[in-house]
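Derivation of every value follows stated rules applied to the coordinates shown; laboratory data play no part. These numbers come from a predicted model, not from an experiment. All Cβ positions, glycine included, derive from the backbone under ideal geometry; neighbour counts span all protein chains shown.
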């Protein structure tokens, strides 16, 4: 049964990918429905005004200012922007004021000629630094929407984009999800440009490339692919670009959207794309040859390829001293084992392999189990469910209430469950241990409950043997997983000597950085499961 | 030909070592010679180098060909196909023998109430998934899982160190050399000679020139491990108990008081049995696709596993019969598959190669 | 897409149903198991045997956690059944015990004297054959009483009397009057054709209305001929036997003060090592038992300084004589009185001279009692504690 559904995951994944392609085909037809506009800018300024007002009807934040300038020869100019997205000071000082102060009589020639007017304004009048000329009317609309100020001039065939974007944003602060004791205190913010600047400050190298593209038919979200040319594998980059180009979603609101569209195994409990909020961590990954995807509007940056060992790594490992860092790595590995296997091992010991427990320990276990009406399996399921409920309840609540919930959960429920004889003390200890250790490997928090339950099921069916069989299934799944062509269990299996030094222990930096750290991830061409396809020999 | 499947030489070492150790970790085939078991293991170990060296040489003489292709190549279309079918039967039979022996161990020692068929069926879920994923995934998984058996052996060794009595290996050669040689021959056919299956696997190894080295590394590893286990059992249990007990290693672990270590044996036995069955059935599937010129083996995975499991169920009546047949009949049954046909293949391909080199030189 | 999702949901439902319903065959929860810690085997008459089980009483265990320190509650349940074979009799326990008896934690096997005299082979077979049992439990023989009585004795120190008795047996490391064997040792000694086991003895010191472990003595041993008990040896002989088998590590030796015959000196032996040598001259074979031991002066009644070289040598000589006497005593007993090879001399001969063994195997009993045994003891006093001579009382 399990075999079927595991295989089914794979099939599902294939079908899902296929459907993405299908969707892409169907999307192509309705792609222009949202902005059904002429691409040419109308010559007549009045037409422009009508057109713009039509597009931005019922949008109170849309500002359109029509002014007439010039001393002798008057020209009409429209300045539009979205309120709250621009720096009005720049517009006032460098655009409007310049228009008023300019001496139009001095060089009347160009001012009157229609073909040169845009050039003239650009060169002579406006002092704002970032100006672009756009001929496509649709593009001007897009620019307005993304915070630029647009200037249309009567009679000109192009418009000026004045980039004076400025909106209220969160200042750089310490990331909440990945706090460290030692290390930089800055985290990514919602603004794409701030984020790329943070990375650029860390890696001052022209080889660090930022390629941008926009995704999302309705939202037009800016996406940035960062990598270091020469270190990152070209195949992975092109594969990534291909996968990104397949996304034809209406909206991209967070990097999680992208992640779900491009990941290798959508139905696997294990993530194949990494997420980080820390610039130093992302910079480190870039230097290891990985690729980062920054999405505008979210501080969470995706890194890929993502391997299993990375769940055990933390950026702090590289800042603290060797022994302590290695100790922490081992601790995390042990916690991973405890948090996934402890309830299953306990069930197997109690129900099947009682003989493994030493006599005196058995006496105290028996003592706590006497009078509990439930099977240890259901007891464990019930208690883990309780823990997951409390966790979820605590996260969504405001901080003070969240604390209250954890007190209620830990003290009241835990205590009274034992007192009521619904669960044994030892089971409470086991689940508490699992919970604590699961906080040590936060990167795996999404996959842990699944592994835990699968192993518990195995343990309830055939004790240790059931655990081994379930583990084998998980291991097979992990071994077959690939993240952008790189085997998911990479440094362990297939075994790679030069990378094993940064896994369960962390070797000294001077030995690691010599060569291997900068070597790229080799892309393997056959990343799909078609590997076992047999061709007839001709 | 199979496209793109590649396993590294390290994975070959692991697969071969796991495959050869297999159920000899719990079943002591040399128990008939009591305290001299370790001598017969050493003798067969030495001959195993020659035998497996021969298999590797055959693979070298017929590069990029599996056993089935070699057979058809050497013996012609008809005889070659008949021999191939015989070999495929041998692979199937072997896989069901392994199914039987480990499930028998588990149903006798660990879960006496559970029906054996349930144990095999439940474990074959993982086996089927592995086969569907293919050889690369199997090799990678084995690479990680293979840490367990040596560690378990070391743990048992340390735990039982206090209970060892070195005089138990005396008197050496009590019954003379004859029974020892006979047992060695049995050991050469099981487990060492079973490496004939790797003629199906060698083509997938990425560094073909290092196959011999890798094979010898794994034989060395297997030999050392088997001798350690054998000596440990003899020293702890003494010759009489070795002869009487089906599962020596398990018995050794029950002698030790205090913390109980037999789950380690069960787990490592499962790992090794899984490697064995994977290799057997994978070879069988590849053989089927090549013999019948098919595109894909995946549709055959579930039927073949079901056949193998059901075959394992009616091979023997009980465990006593299983051990008797494994000790007395199996060696003779394996002779043609492990010795006669390979030697003929070797001779013919040597002659062919000579002919080729002559024709190219003239 | 939708059909596949249905499939996934369906498999999940099936798996959860499977889980809920299959309480798989070997899945027995702890509260359905009755943990057996002690087994007593007795013979009622020629055909009937009686099996006594000492089972942990989980109810009292948990109630004791709440009310501290009441030792009078019944921590164990002791129950006997009678039947024809061991397996059958054990199964009959199910007629009174609601939980399934679970034997893996068995600590102690007590065999009644009657049964021991008529042979224990059948029982050893059962213990070796069953997968749930291990070969680690300790075995004792109940002298002049039944195993049932011994297992019914209560302990004031421990929750579980069987654990108490078992741990007394483990004290053989520091008191060599206790003779401790595990089931495995008995089976291996019976494996060799002419080697006979010895099993520790347990007896009731004084008859009281409510038997406690304080009224029980664990010392001495029973000598077997094959699997039948033929006689008893006292605790001094057990000391000698422990020396020969090399089981002694730590213990006390009391000798007379070499300078003053009326006073006693206590020597604490720290470690010892026994090697048995075998020489064959013609058709006469000679065993030499070489004991090397070390010890410290643990206490003295006299006031003399025993640490100087001359006195120390004399003291060592005394100790050596004392050990020699005890060893000689048990060798005489085994060779002449019981004619039972309890030392494994035959096995030694077989391992070193297998051809010679074949000639003498058939009448090994006689050969054994005629064998020459030479005892060499080498004892060294390595220190005298924190002081050299005793405080002179003036």
To the nearest 0.05, what FRET efficiency results for residue C:15 and residue C:84 with a Förster distance of 56 Å applied to their C-beta separation? 0.75
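Using Cβ contacts closer than 10 Å as the measure, can you line up C:96, C:11 from fewest to most? Numbers along the way, then the final one.
Working: C:96 11, C:11 16.
Going from sparsest to densest Cβ surroundings: C:96, C:11.
Most exposed first by the Cβ proxy, i.e. fewest other Cβ within 10 Å, how do A:239, C:378 rank? Mind showing how you got there, number by number?
Numbers: A:239 20, C:378 14.
Fewest to most other Cβ atoms nearby, the residues stand as C:378, A:239.
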Cβ-derived FRET efficiency at R0 51 Å, residue C:158 paired with residue B:318, nearest 0.05: 0.70
Pairs of alpha-carbon atoms within less than 8 angstrom and 6+ residues apart define the contacts here; what relative contact order does the range A:321-480 have, in percent? 41
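Run the numbers on chain B and let me know its relative contact order in percent, using alpha-carbon pairs under 8 Å that are six or more apart. Display every interim value, and only then the final one.
Numbers: 421 pairs, mean separation 144.3, N = 362.
Value for chain B: 40 percent.
Within 10 Å of each Cβ in peptide A:361-368, how many partner chain Cβ atoms are there on average? Round it to a whole number, please.
Values: counts 0, 7, 10, 2, 1, 8, 7, 4.
Per residue, the number of nearby Cβ atoms from other chains is 5 on average.
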Distance histogram for chain B (every C-alpha pair counted, 10 angstrom bins, percent rounded to whole numbers): 5, 25, 34, 24, 9, 3, 0, 0
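More than 19 Å apart: what percent of Cα pairs in the range A:252-339 qualify?
Details: 1787 of 3828 pairs.
Result for the distance tail: 47 percent.
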Return, ordered by residue number, the residues of the range A:60-80 whose backbone nitrogen is under 16 Å from a label point located 7 Å along Cα→Cβ of residue A:88. A:60-66, A:79-80
Enter the Cα centre distance for the pair the range A:311-365 and the range A:181-243, rounded to the nearest angstrom. 37
Computed E for residue A:142/residue A:185 - FRET, C-beta separation, R0 35 angstrom, nearest 0.05: 0.45
What is the spin-label model distance, in nm, from residue A:330 to residue C:363 if the labels are put 7 Å beyond Cα along the C-beta direction? 6.7
Test of understanding: what is the full-extension gain from residue A:234 to residue A:364, defined as 0.36 nm times their sequence separation minus their Cα-Cα distance? 40.8 nm
Highest GNM mean-square fluctuation among B:34, B:65, B:77, for chain B with Cα springs under 10 Å, belongs to B:77
Here the Cα Rg-to-2.2 N^0.38 Å ratio for chain A is 1.26
Taking a crude spin-label model, label points 7 Å out from Cα along the C-beta direction, the residue B:244 to residue B:46 distance in nm is 3.4
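Neighbouring Cβ atoms within 10 Å as the yardstick, rank C:283, C:235 fewest first.
The fewest-first ordering by Cβ neighbours comes to C:283, C:235.
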The Cα extents of chain C along the principal axes, largest first and rounded to whole Å, are 97, 65, 58
Highest mean first, what order results for A:54-64, A:276-286, A:310-320 on Cβ atoms within 10 Å? A:276-286, A:310-320, A:54-64
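Using Cα pairs under 8 angstrom and six or more residues apart, how large is the relative contact order of chain A, in percent?
Working: 773 pairs, mean separation 69.7, N = 538.
This gives 13 percent for chain A.
Would you compute, from DSSP H runs of 4+ residues alone, the mean residue ellipticity of chain C at 222 nm, taking -39500 (n - 2.57) per run and dividing by the full residue count, rounded to the nearest 500? Working shown, then result.
Working: 13 runs with 132 residues, N = 394.
Helix contribution divided over all residues of chain C: -10000 deg cm²/dmol.
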Between helix C:2-21 and chain C, what is the angle of the helix's C-alpha long axis to the longest principal axis, kept within 0 to 90° and rounded to the nearest 10? 50
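Antiparallel versus total DSSP beta bridges in the range C:246-394: what percent is that, nearest 5? Kindly include the intermediate steps, with their values, before the conclusion.
Values: 22 of 34 bridges.
Given both bridge residues lie in the range C:246-394, the antiparallel proportion sits at roughly 65 percent.
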For chain B, built as a Gaussian network whose Cα springs stay under 10 Å, the top-fluctuating residue of B:160, B:40, B:268: B:160
Taking the Cα atoms only, what angle lies between the long axis of helix B:77-105 and the longest principal axis of chain B, rounded to 10 degrees? 20
Starting from a Cα-only point model with no solvent, please compute log10 I(q)/I(0) by Debye for the range C:246-394 at q = 0.10, 0.17, 0.20, 0.22 1/Å. -0.46, -0.92, -1.13, -1.29
Which part of the range B:42-67 falls in the paramagnetic zone of residue B:227, meaning amide N under 20 Å from the point 7 Å along Cα-to-beta-carbon? B:42-53
Taking chain A and counting helices only, DSSP H stretches of n ≥ 4 at -39,500 (n - 2.57) each over all residues, the nearest-500 ellipticity at 222 nm comes to -14000 deg cm²/dmol
Can you tell me the order of A:167-173, B:99-105 when each peptide is scored by its average per-residue count of other Cβ atoms within 10 angstrom, highest first? B:99-105, A:167-173
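Any idea what the alpha-carbon Rg over 2.2 N^0.38 Å comes to for the range B:128-208?
For the range B:128-208, the normalised Cα radius of gyration comes out at 1.66.
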Ellipsoid semi-axes in whole angstrom, largest first, where each is sqrt(5λ) of the Cα gyration tensor of the protein assembly as shown: 77, 40, 29
From the Cα gyration tensor of the range A:321-480, with a ≥ b ≥ c the square roots of its eigenvalues, which class applies: rounded if a/c is under 1.5, or else prolate if a/b is larger than b/c, or else oblate? oblate
Would you mind giving the three semi-axes, in whole Å and largest first, of the ellipsoid equivalent to the range B:206-281 according to its Cα gyration tensor? 30, 16, 11
Pulled fully out, how much extra length does the chain show between residue C:5 and residue C:284, if you take 0.36 nm times their separation in residues and subtract their Cα-Cα distance? 91.7 nm
Computed lengthening from residue C:386 to residue C:303, 0.36 nm per intervening residue step minus Cα-Cα distance: 28.3 nm
Please report, in whole Å, how far the alpha carbons of the range C:29-233 spread along each principal axis, starting with the longest. 54, 36, 29
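In peptide B:229-241, what is the residue-averaged number of other protein chain Cβ atoms found within 10 Å of each Cβ? Don't skip to the end; give the middle numbers.
Numbers: counts 0, 0, 0, 0, 0, 0, 0, 2, 5, 7, 2, 6, 6.
That works out to 2 on average.
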Between the Cα axis of helix C:161-170 and the main Cα principal axis of chain C, the angle (0 to 90°, nearest 10) is 40
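If you restrict to DSSP beta bridges whose two residues both lie in the protein assembly as shown, what percentage is antiparallel, to the nearest 5?
Values: 95 of 126 bridges.
Around 75 percent of the beta bridges assigned by DSSP in the protein assembly as shown are antiparallel ones.
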Spin-label pair residue B:209/residue C:77, simplified geometry with 7 Å Cα→Cβ offset, distance in nm: 7.4
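Taking a ≥ b ≥ c as the square roots of the Cα gyration tensor eigenvalues, with a/c under 1.5 meaning rounded and otherwise prolate when a/b beats b/c, else oblate, which class fits the range C:270-331?
Numbers: a/c = 2.84, a/b = 2.82, b/c = 1.01.
Prolate shape, in that a/c is at least 1.5 and a/b is the bigger ratio.
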